[in-house]
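Input: a single structure, listed below in structure tokens.
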Amino acid sequence: MRDLEDLRVEFLGRKGRLAGLMAELPGLDPADRPRAGQTANQVKAALGALIEARQQDLERAGDSERLAAFDPTLPGRRPPAGSLHPVTLVIDEICDVFIGLGFEVVSGPEVESDWYNFEALNMPPEHPARDMQDTLYVSEAVVLRTHTSPLQIRTMKERTPPLAAIAPGKVYRRDSDLTHTPMFHQIEGFLVDSHSSMADLRGTLTAFVRQLFGPDTEVRFRQSFFPFTEPSAEVDISCVMCGGRGASGGETCRVCKGTGWVEVLGCGMIDPNVFRAVGYDPEKYAGFAFGLGVERVAMLKYGIGDLRMFFENDVRFLEQFS
Ligand code: DAH
């Protein structure tokens, strides 16, 4: 290719041989000039065509050489694939379990009125139960929802029983340390019917944790307090780390701190005052409710030690869930 270009310059270039001949034309006998000029032009065109043809030959040869070196059976290069966030994976998995149990999925606003977030859930203004949740206020009567429980109120107000729903979503609290981030995820669940009891609650939640954490998971209900349920309970499962033994490899289990149990959710029978707030007759209906922290479940399920990893968006962490 280089040689060919050299030849082109030598013969056809601005200072090439042909240009030299052309420069001599004015010195010729005027009678000979037209013929000489014509011949020179013919030679120029012929040489140009030859060089052009040769150049095309060489280019084609180069192409086929490159083609011969190309292996069309090689696998393509995959662009890096995205994956679902572990929080999304756990939400989807939990929703699937409850959909299988006949619950529907509902959602609502993250900016919520004081009434839905607190008051209708049996937490009147100035009630000390509000101190359980460090709240981010947007204005005096508007908050970033501190839990997904307002979806109980929103759903009940829209429907008449029987109803069973779960509500996954983001919640916000003025809280930040190793085990708390100002934004995290909860799933609320609730069922209202003319005849539901604590036994239904126990059966439903036991079926749920066994699907999520394995059929051998032990379940324990501990009495507790929530303003919107009466009676209330907290649900513990046998520790996912040590299998409930409280120790592994001769050392006290870090996850359950040696107790053999880890807390996974809060629950209870819906308080009559909650029914009154949505206009249900508490004599006619009974229901249960529960709430769980998604990140906490994900940490237990995947053995993650630091809550903040969920929100640092380090690809090395996130890739492990794809
Ligand atoms: N809303 C509670 C919280 O964020 C969690 C909770 C507890 C929800 C008990 C419930 C329940 O529905 O029955 O701390």
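Numbers for the structure displayed
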read-out	value
Extreme residue, most open to solvent (accessible area, probe 1.4 Å), among residues of segment 106-117 that are of a type in the set (A, V, I, L, M, F, W, C) and in contact with a strand residue (DSSP E or B) (Cβ under 8 Å, 6 or more places away or on another chain)	V111
Selection count, segment 141-193, where residues are closer than 22 Å to L101 by Cβ, more than 11 Å from the ligand (Cβ to nearest atom) and among the polar types (S, T, N, Q)	2
Lone unmet requirement of (1) open to solvent by less than 20 Å² (accessible area, probe 1.4 Å); (2) over 25 Å from the mean Cα position of the chain (by Cα); (3) within 13 Å of the ligand (Cβ to nearest atom) for E234	(1)
Qualifying residue in segment 64-81 (condition: open to solvent by 40 Å² or more (accessible area, probe 1.4 Å), under 22 Å from F310 (Cβ atoms) and either part of a helix (DSSP H, G or I) or touching a residue at least 12 places away in the same chain (Cβ under 8 Å) (or both))	yes
Residue list for segment 257-311, filter: small (G, A, S), away from the ligand (no atom under 14 Å from the Cβ) and over 30 Å from S322 (Cβ atoms)	G258, G260, A277, G279
Any pair with Cβ under 9 angstrom, 6 or more apart, that starts in segment 213-230 at a residue that is among the aliphatic types (A, V, I, L, M) and ends at one that is more than 12 Å from the ligand (Cβ to nearest atom) and assigned to a strand (DSSP E or B)	V219/D236; V219/I237; V219/S238
Breaking point among (1) surrounded by fewer than 11 Cβ atoms within 10 Å (Cβ to Cβ); (2) in contact with a Ser or Thr (Cβ under 7 Å, 6 or more places away or on another chain); (3) not acidic (D, E), for Q133	(1)
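The values are calculated or read from the model by the stated rules, or taken from the named source; none is laboratory data. On a predicted model such as this, the values are computed, not experimentally measured, just so you know. Glycine gets a Cβ as well: all are built from the backbone with ideal geometry, and neighbour counts include every protein chain shown. Quick note on the areas: whole protein, heavy atoms, side chains included, nothing else; ligands and nucleic acids left out. Shrake-Rupley method; radii C 1.70, N 1.55, O 1.52, S 1.80 Å.
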